[in-house]
Amino acid sequence: KSVLSGTRNELTTLQTNTTIVKPYLDAIDAIEKMLSEGPNAGNVSNVDSKISLLKDSEVSNQWAKTKAGIDLEKASWSGSDVSATVTFITSYIRSLID
């Protein structure tokens, strides 16, 4: 009986974490789209909206730093800042599954 209870708890945790992970993956998708197309006002705004849905101050702060380094006129960005943003997101996802 205790094994079944433990399994139910693990399943509930997994279901909860899956729900939590989706918006983080959506943010990564938005970042990847921005990188593949080059930054423009629309896709930077899309990343903004995906990041804001996370309500994660570490990711938001890193994204603010990344966004400050984006030059829309030159369609350029800092690869290391973008990478750091994605790393914050993936680190959070890993923390849910470890």
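Some points to look at:
- Taking every protein chain into account, the accessible area of the chain amounts to 64 square angstrom per residue (probe 1.4 Å).
- Restricting segment 19-98 to trypsin sites (Lys or Arg not before Pro) in coil, as DSSP defines it, with at most 12 other Cβ within 10 Å: Lys55, Lys74
- The GNM of the chain, with springs linking C-alpha atoms under 10 angstrom apart, assigns the highest mean-square fluctuation among Ile51, Ile31, Ile20 to Ile20.
- Surface composition of the chain: carbon plus sulfur atoms hold 55% of the accessible area, using a 1.4 angstrom probe and ignoring ligands, DNA and RNA.
- 26 Å Cα-Cα reach of Lys33 towards lysines, excluding residues that sit fewer than 8 places from it in its own chain: Lys22, Lys50, Lys55, Lys65, Lys67, Lys74
- Computed over the chain: relative contact order in percent, which uses C-alpha pairs under 8 Å that are six or more apart: 27
- Segment 36-86: GluC sites (Glu not before Pro) in DSSP loop, at most 14 other beta carbons within 10 Å: Glu73
- Taking each DSSP H run with n ≥ 4 as -39500 (n - 2.57) and averaging over every residue of the chain yields -28500 deg cm²/dmol at 222 nm.
- For the chain: rounded, prolate or oblate by the Cα gyration tensor [a/c cutoff 1.5]: prolate
- Along the axis of the charge dipole computed for the chain (Cβ charges of +1 for Lys and Arg, -1 for Asp and Glu, origin at the Cα centre), the listed residues Ile31, Thr13, Phe88 are led at the positive end by Thr13.
The values are calculated or read from the model by the stated rules, or taken from the named source; none is laboratory data. As the structure is a prediction and not an experimental result, all values here were calculated from the model. No Cβ is skipped: glycine too gets one built from the backbone with ideal geometry, and neighbour counts run over all protein chains shown. Just the protein is used for accessible areas: all its heavy atoms, side chains included, with ligands, DNA and RNA removed. Shrake-Rupley method; radii C 1.70, N 1.55, O 1.52, S 1.80 Å.
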